[in-house]
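Since the structure comes first, as structure tokens, the remarks are kept for the end.
The values are calculated or read from the model by the stated rules, or taken from the named source; none is laboratory data. Keep in mind it's a predicted model, so treat the numbers as computed, not measured. Backbone-built Cβ (ideal geometry, glycine too); neighbour counts: all protein chains shown.
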């Protein structure tokens, strides 16, 4: 869990790329955040949270 957002980290034998690191960068650019939890044998859950836009505030 500590390394999943590190660039080029993988648990696969063959793999490369930015993966979750790139996603985190994009989300942070939009003032959002990512929460994740993982359980062995059950998988992982990711929540991507963004702030409400100004247009959304006007509608509310």
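Inspect all residues belonging to region 23-34 and state whether any of them is part of a strand (DSSP E or B) and under 17 Å from residue 4 (Cα atoms). Yes: one or more hits.
Residue pairs whose Cβ atoms lie under 7 Å apart, separated by 6 or more positions or on different chains, with the first residue in region 1-16 and under 18 Å from residue 36 (Cβ atoms) and the second modelled with pLDDT of 70 or more and in a loop (DSSP other than H, G, I, E, B), are 9/3. Evaluating residue 55 against the criteria (1) outside any loop (DSSP other than H, G, I, E, B); (2) surrounded by 11 or more Cβ atoms within 10 Å (Cβ to Cβ); (3) at pLDDT below 80 leaves one unmet condition, (2).
If you go through region 37-51 and keep only what is surrounded by 10 or more Cβ atoms within 10 Å (Cβ to Cβ) and either at pLDDT below 90 or more than 17 Å from residue 20 (Cβ to Cβ) (or both), you end up with just 51.
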